[in-house]
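Step one of this worksheet: look at the structure below.
Rule-based calculations on the coordinates, nothing more; no lab input. Everything quoted here is computed from the prediction, not taken from an experiment. Heads up, the Cβs are rebuilt from the backbone with ideal geometry, glycines too, and the neighbour counts pull from every protein chain shown.
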Amino acid sequence: MELRINPNVARLVCSNSGKEVPARGFASPVGLCPCCPRPGKPVVIEYDLERVRAEFASVPLGGHGGRGIWRFAPLLPVLGVPEEYAADVGGTPVVRHERLSASLGVEVFLKNEGTNPSGSFKDRGLAVAVAFGRACGARRFCVPTQGNAGVAACLFSARLGMPGCLVYMPESYRGCIYHRACEFFGGEVRFVGANIAAAGRAMREDLADELASGATVDMSTFFEPGRLEGKKTMGLEIAADLGGEALPDVIIYPTGGGTGLVGIWKAFEELAGLGLLDPTRTALPRMVAVQSANCAPVVEAFEKGLADVIPLTSRGTIADGLDVPGAIMGHGILRALRASGGVAVAVPDAAIEGAFARYGLAGVNAGLESAATLAALEALRASGGVRAGERVLLLNTGTQLIPLSKPSKT
Ligand SMILES: [Zn+2]
């Protein structure tokens, strides 16, 4: 196995200022930008589209022979992952749901992410981030988590035979399923603070020296550019599976940190840049961000016409993954919503619970975060934001039937 940076990578840019960020030959891991006020803003990867176009000229989108998400290798930043690393990542089905379509008066498609190796869409982002970080010289990873991201970081570290990922969880998570799953995949779990933000602060204090040297890489949402590239593969799959003519009119995405929403839109923009999608003939999907009404900073910023998200105090939501009071890529989320002609929607927790129950009775294996997308569709049908007959894709982020859920013996 020899991991290497894809020569199609053209440059790194700051997502906020647009300025180029020095890549320094990818001899050290890439973190937040140096150009914006500390701690900096997310860095994104740009590709040499001429080179990518040449590769796609002979082989269709998604036909590049790599396993799992690496079948889109020309648009990924790292190459050379072993088969067992990648084969089961991505490739999730887009499913038309007849009963939901009939009851809502639109064409409902679900993209079910539960078949990823640790059961959620986080696997896509962490698969690319871990391999990319390793290719840039990282020796170990760390991440604050209250769910699937930590498990995914541990799983992919294990798949590369690296030292166990350092996982920081809020105190109340001791003994929970995520704790046990992280340890199963070789992770070292530490418990600090009341929430993920406090755990993240403690992590950066504890590991300040290793993080500064680049030996350990902070895998927090958007703190490095690989997770975005991995989540982008959802957009590439939607385009490859549905084809340019049959893209959904609307994609509804449960938005915490927003990596997938920004990633799906990045995929569509890159495909348009390559000429593989033609927005002048077929409109790109309108991106919809859904949040809990108890924690809706993106909705607030969108409705006020702001360019960035202003952090607020969460009132707490039953959907853990939506309990993100400030998004470091808020400017990128808002840009994708506006560029696509989309919207941000807040739904009450009671509506999320109701939608969750409807998913269960429809046989859809989804968590509360994903149920928020169904609640949002119901709200948008009532308001006219989604019209009769439109094609709507709901992102179902993963299984709620987490493996390894047997009680621990220790
Ligand atoms: Zn910057």
Calculated SAXS-style log₁₀ I(q)/I(0) at q = 0.12, 0.13, 0.17 Å⁻¹ - segment 1-120, Debye, Cα scatterers: -0.66, -0.75, -1.02
Where Rh is the Kirkwood radius over Cα pairs, Rg/Rh for segment 50-153: 1.06
Amide H within-cut-off set for Val78, under 5 Å, with H built and near neighbours excluded: Asn6
Residue list for segment 209-232, given a label point 7 angstrom along the Cα-to-Cβ vector of Arg190 and an amide N cut-off under 12 Å: 209-211
Normalised contact order of segment 139-213, rounded percent, pairs of Cα under 8 Å and 6 or more residues apart: 32 percent
Inter-site label distance for Cys36 and Ala272 at 7 Å from Cα along Cβ, in nm: 2.1 nm
Prolate/oblate/rounded call for segment 269-369, Cα gyration tensor, a/c under 1.5 rounded: oblate
Label-point separation, Glu171 to His64 (7 Å along Cα→Cβ), nm: 4.7 nm
Burial order of peptide ranges 81-90, 131-140, 29-38, 95-104 (average beta-carbon count within 10 Å, highest first): 131-140, 81-90, 29-38, 95-104
Convex hull volume of the chain per residue (C-alpha atoms, cubic angstrom): 134 Å³
Taking the chain and dividing mean pair separation by its residue count, relative contact order in percent (alpha carbons under 8 Å, at least six apart): 17 percent
Tail fraction, Cα-Cα pairs, segment 115-161, threshold 16 Å, whole percent: 29 percent
Relative contact order, percent, segment 336-404 [alpha-carbon distance under 8 Å, six or more residues apart]: 31 percent
Unit charges at the beta carbon, dipole of the chain: most positive-side option, Thr216, Asn116, Val52: Thr216
Extension gain, Ala198 back to Glu55 (0.36 nm per residue minus Cα-Cα distance, nm): 47.0 nm
Under-5 Å amide H pairs with Glu188, H placed in peptide plane, nonlocal only: Cys165, Leu166, Val167
Pairwise centroid distance, computed over Cα atoms, of segment 221-250 with segment 118-167, Å: 20 Å
Inter-probe distance in nm under a simple model that places probes 7 Å from Cα toward Cβ, at Ser101 and Glu2: 4.9 nm
Alpha-carbon gyration tensor eigenvalues x 5, square-rooted, for segment 139-213, Å: 18, 17, 8
Signed unit charges on C-beta, dipole axis of the chain, positive-most listed residue Gly150, Gly68, Ala199: Ala199
Cα-based Rg and Dmax for segment 193-292, where Dmax is the largest Cα-Cα distance (Å): 17.5, 53
Length added when fully stretched, Ile310-Arg281, from 0.36 nm per residue minus Cα-Cα: 6.8 nm
Those residues of segment 71-92 whose amide nitrogen sits under 20 Å from the label point placed on Asp241, 7 Å along Cα→Cβ: 71-76, 86-92
Net charge dipole size for the chain [Lys, Arg +1 and Asp, Glu -1 on Cβ; Debye, nearest 20]: 180 debye
Max mean-square fluctuation residue, GNM over the chain, Cα-Cα springs under 10 Å, options Leu334, Leu261, Leu207: Leu207
Too-long pairs where the Cα-Cα distance tops 21 Å, listed order kept, from Lys111/Lys266; Lys122/Lys232; Lys122/Lys304; Lys19/Lys266; Lys122/Lys266; Lys111/Lys232: Lys122/Lys304
